[in-house]
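The values are calculated or read from the model by the stated rules, or taken from the named source; none is laboratory data. Note that this is a predicted model, so its numbers are computed, not measured. Every residue, glycine as well, gets a Cβ built from its backbone with ideal geometry; the counts of neighbours run over all protein chains shown.
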Amino acid sequence: MSERVFQTGHGRVFLQVSGANPNSSMVYQGMARLGSFAKAEGEVSRVQIPSRLAYDRFEDIDVVSGESSLPTTSMIARFGLTNPILSAVCPMHIQAHYGKCGNPQDQNGGWEKILAYEKARFTNRSGDEQTALDEAGRATILLTGDITARMLWEIDQMALAETCAAQIDKEVVDVTIDDYISCGECGYESEGENRIFAVTVGYTTGSPGLPAELIVSLDGGLTCEQYDIDTLAADEDPSAVALVGGVNVVVPSADSLSLHYVDLDDLDTWQEVAAGFIAGGGPNDIHSHSSTQSWLVGNSGIIYSMANPADGVTVIHNAVLTAQNLIAVHGSDSRNIVAVGAAGVILFSSNGGATWAAITSPTVQIINTIWMRTRFYWMIGDAGGRMYFTTDGGVTWTEKVFGLSGQGEVHGIAFSHHPDSPFGFMTATDGAMGYVFRSLDGGSTWYQLPDTAAATPANIHLNAIDAGISGNFCVAGGLRAGTDGILMIGS
């Protein structure tokens, strides 16, 4: 089979004038094209020292990379009744869709490759001659908008596949991808999506029972290793997993009323820490922003902060605003955090957890998942199978309808690279099976993966999902059949 080559005629332009977010629609631009693009990665300069062997000679000992630039392109469009080149004032999301046999106007299904410009701004606007003096001067008018964007994304179609079945014989409770791009200078090489961590439940069947496990992949899910969390009893299950500060894998457990952590360089030696946890406030989820800033939410409306897993936690909300069980927590930065849980409860902090406020909720169902895109844009999914978003920090809410709305549960929401990324993933069930959904427009629309003709691997439900940095990679985990777990890779 010959290599696939795209031509300019295979490309079509789509635009979200208000940027990639759940409240902004992607619109097909039938009278526009994109010009050439550029992104300088920085000039490389030599670092030299005087030669040890001869005068007036020098040795290269290193190189220094110069400053990279933001991606640039241009939009060229015919002047008509609607002219975003002239009217757009806010950062936009622009996509060039490439395909051959699909419907070029089908935003989610008609493409084979996408080049996307996130947070794009017009930096200069120009146009052809505006009027004619005679018949010879008749012509269509072309407008040109020079564009600078925050990021240039290359988006591919994705398939779904089960992985590491031999190592995962128990239900997966939570998953996380925590990695960084490294070219091997310090002994570690990765494109930023190699390190995957998952936790499974334990077994009480048999004597003795089997403890919960940490599943680790260092090659993007191609292979996995399993490690007993031996500080958890067989009847104690993990609640969540997070890599804190790039050093410690932290596993809170509501059953044990404690957290369990292990050094990334010694995954066999676990420590249990119960300091700071209070009766009835077993932890259900953790969100870590940095090595010294993590938050855990628990039963009975308890919220904890954690500066160092070895030192335990500190109570920062003790059922003052609610005594409902808190199920999930997420933050857009070090100050803005949202906690959600039973009976639709939503709590918000704008000062790193020092104080909290109750937010009017759009649902009375258990809220299973929260993704905080920005200080004002949040997305939640509930046990009634519905997803909602707010654009004003929880003052008002709008339901975001997708293919399985109201049929089962929404279990997880995650976006790629940074919180307000255009590219996200979601897990939801129809009451009988779990599915993975993808968004290409900041949560405005969602469609079911895979992009290929293959089916979703069989499962009962998918409890959790996390996204890689590329926009083309995700990991989901849950229950496959009986008591067997499943780890699913989207790529």
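Take region 346-372 and flag every residue that is more than 15 Å from THR390 (Cα to Cα) and either within 18 Å of the chain's Cα centre (by Cα) or part of a loop (DSSP other than H, G, I, E, B) (or both). Passing the criteria: SER350, ASN351, GLY352, GLY353, ALA354, THR355, TRP356, VAL364, GLN365, ILE366, ASN368.
Consider region 431-466 and keep the residues that are in contact with a His (Cβ under 8 Å, 6 or more places away or on another chain), surrounded by 18 or more Cβ atoms within 10 Å (Cβ to Cβ) and not small (Gly, Ala, Ser). The one that is nearest to TYR28 (Cα to Cα) is ASP441.
Among residues that are surrounded by fewer than 11 Cβ atoms within 10 Å (Cβ to Cβ) and at positive phi, ASP60 is not included.
Meeting the requirement of 3 or more residues that are modelled with pLDDT of 95 or more, in contact with a Ser or Thr (Cβ under 6 Å, 6 or more places away or on another chain) and closer than 14 Å to VAL216 by Cβ, no strands (runs of 3 or more DSSP E) wholly within region 160-202 can be named. For ILE147, state whether it is surrounded by 13 or more Cβ atoms within 10 Å (Cβ to Cβ) and touching a Gly at 6+ places or on another chain (Cβ under 7 Å). Spelling it out, it is not the case that ILE147 is surrounded by 13 or more Cβ atoms within 10 Å (Cβ to Cβ) and touching a Gly at 6+ places or on another chain (Cβ under 7 Å). Here ASP235 fulfils each of the conditions (1) modelled with pLDDT of 95 or more; (2) more than 26 Å from the chain's Cα centre (by Cα) apart from (1).
Checking each residue in region 211-241 for being over 24 Å from SER258 (Cβ atoms) and either without any contact (Cβ under 8 Å) to a residue 12 or more places away in the chain or crowded, with 19+ Cβ neighbours inside 10 Å (or both) picks out SER217, GLY220, GLY221, CYS224. Collect the residues in region 86-99 that are surrounded by 13 or more Cβ atoms within 10 Å (Cβ to Cβ) and more than 30 Å from the chain's Cα centre (by Cα), keeping them in residue-number order. Selection gives LEU86 alone.
Of the residues making up region 381-418, those that are hydrophobic (A, V, I, L, M, F, W, C) and more than 14 Å from the chain's Cα centre (by Cα) are ALA383, MET387, PHE389, VAL395, TRP397, VAL401, PHE402, LEU404, VAL410.
For every residue, the table says whether it meets (1) in a loop (DSSP other than H, G, I, E, B); (2) within 30 Å of MET379 (Cβ to Cβ).
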| position | (1), (2) |
| --- | --- |
| LEU267 | no, no |
| PHE277 | yes, yes |
| GLY280 | yes, yes |
| ASP285 | no, yes |
| VAL297 | no, yes |
| ILE303 | no, yes |
| VAL315 | no, yes |
| VAL320 | yes, yes |
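Restricted to region 39-155, the set of strands (runs of 3 or more DSSP E) holding at least 1 residues that are in contact (Cβ under 8 Å) with a residue 60 or more places away in the chain and out of contact with any Ser or Thr (no Cβ under 6 Å at 6 or more places or on another chain) comprises 72-78, 92-98, 113-127, 142-148.
I'm trying to understand the selection: among the residues of region 7-36, which are of a type in the set (Phe, Trp, Tyr) and surrounded by fewer than 20 Cβ atoms within 10 Å (Cβ to Cβ)? Once the filter is applied, which keeps residues that are of a type in the set (Phe, Trp, Tyr) and surrounded by fewer than 20 Cβ atoms within 10 Å (Cβ to Cβ), region 7-36 yields only TYR28. Any residue at all in region 189-197 that's surrounded by fewer than 19 Cβ atoms within 10 Å (Cβ to Cβ), out of contact with any helix residue (DSSP H, G or I) (no Cβ under 9 Å at 6 or more places or on another chain) and closer than 25 Å to ASP235 by Cβ? Taking every residue of region 189-197 in turn, none turns out to be surrounded by fewer than 19 Cβ atoms within 10 Å (Cβ to Cβ), out of contact with any helix residue (DSSP H, G or I) (no Cβ under 9 Å at 6 or more places or on another chain) and closer than 25 Å to ASP235 by Cβ.
Scanning region 437-476 for residues that are of a type in the set (Ser, Thr, Tyr) and under 17 Å from GLY221 (Cβ atoms) returns THR456, SER470. Looking at region 330-345, which of the residues that are among the small types (Gly, Ala, Ser) and not in a loop (DSSP other than H, G, I, E, B) is surrounded by the most Cβ atoms within 10 Å (Cβ to Cβ)? Looking at residues that are among the small types (Gly, Ala, Ser) and not in a loop (DSSP other than H, G, I, E, B), I get ALA339.
Please go through region 1-38 and pick out each residue that is among the basic types (Lys, Arg) and at pLDDT below 95. Across region 1-38, the qualifying residue is only ARG4.
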